[in-house]
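So the structure is just underneath, and the comments pick up after that.
The values are calculated or read from the model by the stated rules, or taken from the named source; none is laboratory data. Since this is a predicted model, take the numbers as computed values, not measurements. Heads up, the Cβs are rebuilt from the backbone with ideal geometry, glycines too, and the neighbour counts pull from every protein chain shown. Ligands, DNA and RNA are excluded from the accessible area calculation, which covers all protein heavy atoms including side chains. Shrake-Rupley method; radii C 1.70, N 1.55, O 1.52, S 1.80 Å.
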Amino acid sequence: MRLALFQPDQPGNVGTMLRLAACLGVGVDIIEPCGFAFDDRQLRRAGLDYADIVQLTRHRDWEAFRTAQPGRIMLLTTRGDVRHADADFADGDIIMVGQESAGAPDFVHAAASVRLRIAQVPGTRSLNVAVAAGIVLAEALRQTQGFPS
């Protein structure tokens, strides 16, 4: 199981997701360009010392990511057609989130094997991307018995 961040633009959220992945033993792929300098103070503060233990791979662009990580993409999106709780996760899946400000572009949607959404109260737009990643990653690890022991 991996967590992929497509061109992230909020350093605090990236730090939070790095910390989440480090604590759960999940690798992280960051697909650049990022909307901030990767040594940003907010990133360091949110990731604390977990950024040093997370299994992090940075990819210069989408093509480099797909070459390195050809696994099944499970994209979190407000345009998802499958509720995350109804999805069947498998070892090797890549849980992907788009930019906080813009989501994922159409070509990423087209490459996704499954487009997931988290059920929400009507009238609400979306969850914070790091919160959404945590919810879906927890379900994926539950299904695959992938939580650390």
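Odds and ends about this structure:
- Per-atom-type breakdown for the chain gives carbon and sulfur 48% of the accessible area (1.4 Å probe, protein chains only).
- Karplus-based coupling profile of region 77-83, in residue order and whole Hz: 7, 5, 9, x, 9, 10, 5, with θ = phi - 60° in 6.51 cos²θ - 1.76 cosθ + 1.60 and x standing for Gly or Pro.
- Averaging 1/r over every pair of different alpha carbons in region 54-126 and inverting the result gives a Kirkwood radius of 13.3 Å.
- A simple count of charges around Val28, restricted to other residues whose Cβ falls under 11 Å of its Cβ and scoring Lys, Arg +1 and Asp, Glu -1, yields +2.
- For the chain, the equivalent ellipsoid built from the Cα gyration tensor has semi-axes of 21, 17, 16 Å, listed from largest to smallest.
- Sorting the segments 67-74, 106-113 by their mean number of nearby beta carbons within 10 angstrom, highest to lowest, gives 67-74, 106-113.
- Sequence-ordered 3J(HN,Hα) estimates for region 57-70 from the Karplus curve with 6.51, -1.76 and 1.60 and θ = phi - 60° stand at 10, 9, 10, 5, 6, 4, 4, 5, 4, 5, 5, 7, 10, x Hz, glycine and proline given as x.
- Choice from Ile94, Ile53, Ile118 with maximal GNM fluctuation in the chain (Cα, 10 Å cutoff): Ile53
- Computed lengthening from Glu63 to Arg83, 0.36 nm per intervening residue step minus Cα-Cα distance: 4.4 nm
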